[in-house]
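The values are calculated or read from the model by the stated rules, or taken from the named source; none is laboratory data. Since the model is a prediction, treat every value here as computed from it, not as a measurement. Here the Cβ positions follow ideal geometry from the backbone for every residue, glycine too, while neighbour counts run over all protein chains shown.
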Amino acid sequence: MADFRLRRGPSGTDGRISRSTIRQDGPEGGCAIGPSALRSNHSGETGASPSTAAAQLVLRGGRPYVELDAMPEKCFGLVGGLGVGAAVHYYRELAKAHDELHLPMNLAMVHADMARMVRWAETGDAKSMGQYVSGLLGRLKAAGAMFAALPAVTPHLCISELLSIFALPLVNLLEVANDSVRSSGFRRVALFGTRFTVDSAMFGALTAVEVVRPRPHEVDYIHKVYFQLASTGVGGKSERDGLTSLAETLIQRDSVDAIILAGTDLALIFDESNITFPHVDCARVHLAEILRGMLNS
C-alpha cells in the first residue's frame, strides 16, 4: 500500500496518520480495510460489520486480496487541471494503493481551466470560482461520482460558496490539513504555496497554530517557484534546494516549528526520502482521507 505518513512534532519523529485506513497487522495477523471494515485472519475466516459494504477480503500468498466481484462501487471524482502535476500525483498514489490491494479503482476526472482559476484567485472572486467549480462537480456527479476533491489548496478559496450551492460531498483539504496540524504538536508554522495561500494563512483554516508570514521577498520567491511547478508540472534539485534553504532560514530566524506544504504540486520536488525539515504535507494527509472514503463504501 502507498505509505501515507506525517512527520510529527518538533523532534521530527515519524508517525502513521491516526485515521489510517488500511493496515496489515503483521505476518501472523490479519488485515483490515477501514475502521469498521471486513476483517480476515490467517485462518482464512472472514466477517463483516452489518453497517459496511466492504469487499470480500482474502489472503493470497500472504498478501491482502479483494475479490473483484465484491468490489466497492463508490466512485470518486477528481478535479484535475489545478496544476496538472498535482492531479497526476493524486492519480498515481491512489492507483498505487488500489493496485497493491488488487482492487480496481473507481474514479472519474474532469479538467479545470487553470488560467481562469488563477484570475479569480488574484481578484479574490470566490463567487465566480465557486460557480465554475460547481459546474465541474456537476459533470463528475453525472459521470457517477459520489464524492469528490480538489487536489490543490488555492481553489479552496471558494469552499464556503461551493458547499452552499452544490450537494456532492467533498473531501475538504482545509479541514483535513487543520486536523493534522492540530494533532502534530506544532505550535508555530510557516506555509509554502501560492501567494494567495500564504497571504491568507491558508484562508484562515489553521485554527490551532500561530502562522508566521515570510518576508515579502520570500513570499515572492515561494510563489514564483510554486507557480512554475503548477504551470509546467516539472521541478527538480534547484527548486528543492532553494525552498529547503528558505525553510531552514524560517526555522532558525523566526523560531518556526515546521513548514506546512500547502501546495500539492510540491510533491513534484519533495517526498519522504529528500525532505530534511519538520513539515506537514497537506497532499499526503488529503490523499489518506480520500482513500478512506474510496475504500469504505
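In segment 159-184, the residue that is modelled with the lowest pLDDT out of those that are more than 22 Å from C282 (Cα to Cα) and either outside the structural domain of H111 (by TED's automatic domain parsing) or among the small types (G, A, S) (or both) is A167. Every test in (1) surrounded by fewer than 16 Cβ atoms within 10 Å (Cβ to Cβ); (2) without any contact (Cβ under 8 Å) to a residue 40 or more places away in the chain is passed by R187 save one, and that test is (2).
Please verify whether G235 is in contact with a helix residue (DSSP H, G or I) (Cβ under 7 Å, 6 or more places away or on another chain) and buried (at least 16 other Cβ atoms within 10 Å of the Cβ), treating the condition exactly as stated. Considered against the rule, which asks whether it is in contact with a helix residue (DSSP H, G or I) (Cβ under 7 Å, 6 or more places away or on another chain) and buried (at least 16 other Cβ atoms within 10 Å of the Cβ), G235 comes out as yes.
Of all residue pairs spaced 6 or more apart or on separate chains, those with beta-carbon atoms under 7 Å, a first member in segment 66-95 that is charged (D, E, K, R) and a second member that is modelled with pLDDT of 85 or more are E73/N106; K74/N106; K74/M146; K74/M294; E93/L287.
Yes or no, residue by residue, for (1) assigned to a helix (DSSP H, G or I); (2) within 18 Å of the chain's Cα centre (by Cα); (3) modelled with pLDDT of 95 or more:
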position	(1), (2), (3)
F186	no, no, yes
A208	no, no, no
R213	no, no, yes
G235	no, no, no
A247	yes, no, yes
V256	no, no, yes
D265	yes, yes, no
L291	yes, yes, no
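Read through the list (1) assigned by TED's automatic domain parsing to the domain that holds A115; (2) of a type outside the set (F, W, Y); (3) not in a helix (DSSP H, G or I), then give the number of the only condition that H156 fails. With respect to (1) assigned by TED's automatic domain parsing to the domain that holds A115; (2) of a type outside the set (F, W, Y); (3) not in a helix (DSSP H, G or I), H156 is out only on (3). With respect to R119, is the statement that it is of a type in the set (D, E, K, R) and over 23 Å from T232 (Cβ atoms) true? Answer is no for this residue.
Within segment 74-122, how many residues turn out to be assigned to a loop (DSSP other than H, G, I, E, B) and either in contact with a Ser or Thr (Cβ under 9 Å, 6 or more places away or on another chain) or in the same structural domain as G233 (by TED's automatic domain parsing) (or both)? Residues in segment 74-122 being assigned to a loop (DSSP other than H, G, I, E, B) and either in contact with a Ser or Thr (Cβ under 9 Å, 6 or more places away or on another chain) or in the same structural domain as G233 (by TED's automatic domain parsing) (or both): 4 in total.
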